[in-house]
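Single-structure report; data block below.
The values are calculated or read from the model by the stated rules, or taken from the named source; none is laboratory data. Keep in mind the model is a prediction, meaning the values are calculated, not measured. Using ideal geometry, Cβ is built from the backbone for each residue, glycine included, and neighbour counts are taken over all protein chains shown.
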Amino acid sequence: MKALVYLGKSQLDYRDAADPELASGDVLVKVHACGICGSDMHGFHGDDPRRVPPMIMGHEATGVVQTGEWRGRAVAINPFLSCGECNACLSGSPQLCDKQKNLGLPPHAGGFADYVAVPRRNLVEIPEGMDFTTAALTEPLAVAYHAVGIGQRLIGKPFTSARIAVLGGGAIGLLTALVLISQGALEVLLSEPNEGRRRTAAAASDRISPYAPGDEPAAESVDLIFDAVGAKATREAAFRLARRGAVIIHSGLMPGSEGVDVRRLTLRELTFAGAYCYSMPEFRQSIELLASGALGALNWVEQRPMSEGFAAFQDIDAGCTSAAKIILMN
């Protein structure tokens, strides 16, 4: 088969690769679409020690099952591989599983390839009429949906009466804003340094108010903040924006911990919480949300051939695309 293989820092090559080997419980899926995640970009930059070259990244995949009872069905792939037996898994929080693994991280090859091996229990059938590109948004949407759920539980009041900001206008940030709006937020302030992505966010919903980081709202004026980047600058911004009693949800995966103001956290009784991945019910709810049309036109996605994946990574790295998400197609 052909695959986009990560060879080391800033190096990808579309080349021949070995076909996947099926473990017990696995099925073979022919990949039709796979999105480029921010975590894939971290690996591309050499910033993620879990991504050891040579390897096949990619975990936002959809395709058609080739083996087993589900042969011929179009599916979205939940790439989160939990053990299913620990206390976290049995209590409905598989994202806290100590034995967690992921497709697209060694030893499990990911979806930037013609085929991928996936446990049957990790597949969700795509609703009739949904295309593979839209379905490939299920995984990042589930991340955003889970983060919003945590924010809802912690803020203690309806989104309709909260001032809300999202830091980062990539796919996770934009999807977080759209989920918030679908759940009643009247306006979502969205920080994004890239002008093209600010235009994209503004076009996605008239309830999104994008701004450049230098033009941020008044300090101590926001009730609920989602940091979808997780860099020093966005953590600092989150603490600046937070009014007394505010909630900060941190879903970005950039390395480091700088920017967390523990003194302010204490004196202003802020809540600072992490949000990671999702449960299988949240994954299913996310594909249903996509099918409902509640998130709008979703025309902020760009499709490119898998064979041109290296150039797509380079364009994202250079900030020369206004798309919030690039999805590679077979």
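Within the stretch 123-140, being within 20 Å of the chain's Cα centre (by Cα), more than 14 Å from CYS34 (Cα to Cα) and in contact (Cβ under 8 Å) with a residue 60 or more places away in the chain holds for LEU123, VAL124, ILE126, MET130. Of all the numbered requirements in (1) under 27 Å from LYS2 (Cα atoms); (2) among the small types (Gly, Ala, Ser); (3) crowded, with 19+ Cβ neighbours inside 10 Å, ALA117 misses one, and that requirement is (3). When residues in the stretch 159-186 are screened for being over 17 Å from LEU290 (Cα atoms) and touching a residue at least 24 places away in the same chain (Cβ under 8 Å), 13 of them pass. Pairing each residue of the stretch 307-322 that is on the phi > 0 side of the Ramachandran plot and surrounded by fewer than 17 Cβ atoms within 10 Å (Cβ to Cβ) with any residue that is assigned to a helix (DSSP H, G or I) and modelled with pLDDT of 90 or more, provided the two are 6+ apart or on different chains, yields C-beta distances under 9 Å for GLY319/GLY196; GLY319/ARG197. The set of residues in the stretch 71-96 being surrounded by fewer than 16 Cβ atoms within 10 Å (Cβ to Cβ) and touching a Pro at 6+ places or on another chain (Cβ under 9 Å) consists of CYS83, GLY84, GLY92. On the given criteria, is ILE225 touching a Gly at 6+ places or on another chain (Cβ under 6 Å), among the β-branched types (Val, Ile, Thr), on the phi < 0 side of the Ramachandran plot and in contact (Cβ under 8 Å) with a residue 60 or more places away in the chain? No; evaluated as a whole, the condition is false for this residue.
Residues in the stretch 14-44 that are exposed (fewer than 14 other Cβ atoms within 10 Å of the Cβ) and within 23 Å of ALA323 (Cα to Cα): none. Every test in (1) closer than 27 Å to HIS42 by Cβ; (2) more than 18 Å from the chain's Cα centre (by Cα) is passed by PHE226 save one, and that test is (2). Restricted to strands (runs of 3 or more DSSP E) entirely inside the stretch 1-41, those with at least 1 residues that are among the aromatic types (Phe, Trp, Tyr), at pLDDT 95 or above and closer than 19 Å to PRO79 by Cβ are 2-8.
What residue, of PHE44, PHE112, PHE80, is modelled with pLDDT of 95 or more, aromatic (Phe, Trp, Tyr) and under 17 Å from the mean Cα position of the chain (by Cα)?
Criteria check complete, one pass: PHE112.
Among the residues of the stretch 91-100, is any touching a helix residue (DSSP H, G or I) at 6+ places or on another chain (Cβ under 8 Å) and closer than 12 Å to PHE112 by Cβ?
So the first thing to find is which residues in the stretch 91-100 are touching a helix residue (DSSP H, G or I) at 6+ places or on another chain (Cβ under 8 Å), and the list is 92, 94-98, 100.
Next, from what is left, pick out any that are closer than 12 Å to PHE112 by Cβ: none.
No, every residue in the stretch 91-100 fails to be touching a helix residue (DSSP H, G or I) at 6+ places or on another chain (Cβ under 8 Å) and closer than 12 Å to PHE112 by Cβ.
Determine if the stretch 183-198 includes at least one residue that is of a type in the set (D, E, K, R), in contact with a helix residue (DSSP H, G or I) (Cβ under 7 Å, 6 or more places away or on another chain) and crowded, with 21+ Cβ neighbours inside 10 Å. Yes, the stretch 183-198 contains at least one residue that is of a type in the set (D, E, K, R), in contact with a helix residue (DSSP H, G or I) (Cβ under 7 Å, 6 or more places away or on another chain) and crowded, with 21+ Cβ neighbours inside 10 Å.
Evaluate the stretch 268-275: report whether one residue or more is surrounded by 16 or more Cβ atoms within 10 Å (Cβ to Cβ) and within 18 Å of the chain's Cα centre (by Cα). Yes: one or more hits. Please work out which one of (1) assigned by TED's automatic domain parsing to the domain that holds ALA165; (2) under 19 Å from SER39 (Cβ atoms); (3) in contact (Cβ under 8 Å) with a residue 24 or more places away in the chain is the condition GLU269 fails and give its number. The single condition GLU269 does not satisfy is (2).
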